[in-house]
Amino acid sequence: MKKEHVQHCQFSVWYPIFKQHTIKSVILPLPQDVIDYFLDDGTLVVPGSHHAAQQTHINGDLDGEEDIQWSDDETTTTVTAPDFPEFTAQVLEAINALGGRVFPKLNWSAPRDANWIALNSSLQCRSLSEIFLLFKSSDFITRDLTQPFVHCSDQDSPDPNISFELVLRKWSELIPGGEFRCFVKENKLIAISQRDYTQYYPHILKQQDSILHAILDFFNQRIQHAFLDEDFVLDVYRDSQGRVWLIDLNPFGEVTDSLLFSWEELRCGGGVGQQQEGPDFRYTTSEVTVQPSPCLSYRIPRDFADLSTGEDAYKLIDFLKLKKSQEEESSDEDVDAAQAH
């Protein structure tokens with residue numbers, strides 16, 4: 001995997017090629033001040049927030065222990081969220097154009113590791129504040145912005161110029177059991193893995209032949225030889241009607257999760273799949289092999305560790321305010337729906 005392969009897998013590169021076969025999306029240039037905000041390790045505040053906090057004094061007692069006291073006599077510290085009026089207007093316009101609900105991501109990654117902080121553990125967003133909260137809490141987003149070429153073999157070559165973008169995709173209710181990751185080597189589909197391999201979906205076992213044929217037909221007719229590289233990874237979704245959609249496109253290398261395969265066997269042609277006709281199709285075959293989600297390790301974030309030591313109470317305040325706002329909006333929508341009936 002070289003840097004140019006990663007560059008080619010940016011959403012804004014592959015989306016125009018396969019626009020007819022994927023979910024409707026809007027791509028917005030990401031201003032530098034917004035990038036700086038995402039990378040700022042300081043207080044987490046989302047747009048529209050305003051906090052006035054009292055200063056903390058730490059006094060040592062005779063036993064050497066620290067006593068934290070809050071003083072009403074000191075000047076308060078005001079923490080205000082940064083303001084991005086032009087970018088905010090663009091995002092809101094895009095959200096409305098996509099039906100009011102979107103799935104956000106950057107050039108390559110979505111903040112899947114931060115869904116613990118989202119309402120109902122979903123990446124569905126209705127506002128800029130929800131997008132910002134997810135992005136500020138995601139290591140995947142930080143990696144996109146700081147180390148997009150970390151696993152490339154040509155580290156001595158200069159990094160390509162990257163224009164970072166916010167991608168907003170029209171929200172679609174995708175059933176995890178319908179998602180599959182496909183590995184392409186030399187323009188040949190060599191391997192297919194169940195995307196959510198941590199769960200057992202009985203329908204995959206029952207429909208394995210029809211699933212395999214549907215994905216193969218889609219690849220042969222819509223994808224093969226149409227992309228810039230010969231080696232790449234694509235995520236697809238097979239809907240209830242049996243139609244296959246392109247969801248994402250990724251580099252063929254360690255930066256992409258190999259799921260039920262290893263990269264060693266994929267580089268050799270798909271492991272056992274190289275001894276058979278067609279791709280090697282792997283999926284979870286029983287509940288005995290169900291595993292915990294790999295994103296669970298991200299559910300105790302640095303922000304909450306800061307809370308336990310008293311380093312940043314504003315993060316919790318902002319999080320709780322956003323949760324309350326979301327619940328109030330949901331309650332208002334229920335009332336309006338009831339009145340309409």
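Values quoted throughout were computed directly from the atomic coordinates according to the rules given, and no laboratory measurement underlies them. Being a predicted model, the structure only gives us computed values, none of them experimental. Heads up, the Cβs are rebuilt from the backbone with ideal geometry, glycines too, and the neighbour counts pull from every protein chain shown.
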* Asked: So which of LYS3/LYS24; LYS136/LYS185; LYS19/LYS206; LYS136/LYS170; LYS3/LYS105 end up more than 29 Å apart by C-alpha?
  -> LYS136/LYS185; LYS19/LYS206
* Asked: Taking K and R as +1 and D and E as -1, what net charge do the other residues with C-beta under 13 Å from the C-beta of ARG243 add up to?
  -> 0
* To do: Give the relative contact order (percent, whole number) for region 85-141; include only Cα pairs under 8 Å separated by 6+ residues.
  => 38
* How long is the gain from ALA89 to LEU212 if the chain were fully straight, where each residue apart is worth 0.36 nm and the alpha carbon distance is subtracted? -> 40.0 nm
* Pair ASP229, THR146: separation of 7 Å Cα→Cβ label points (nm) -> 2.3
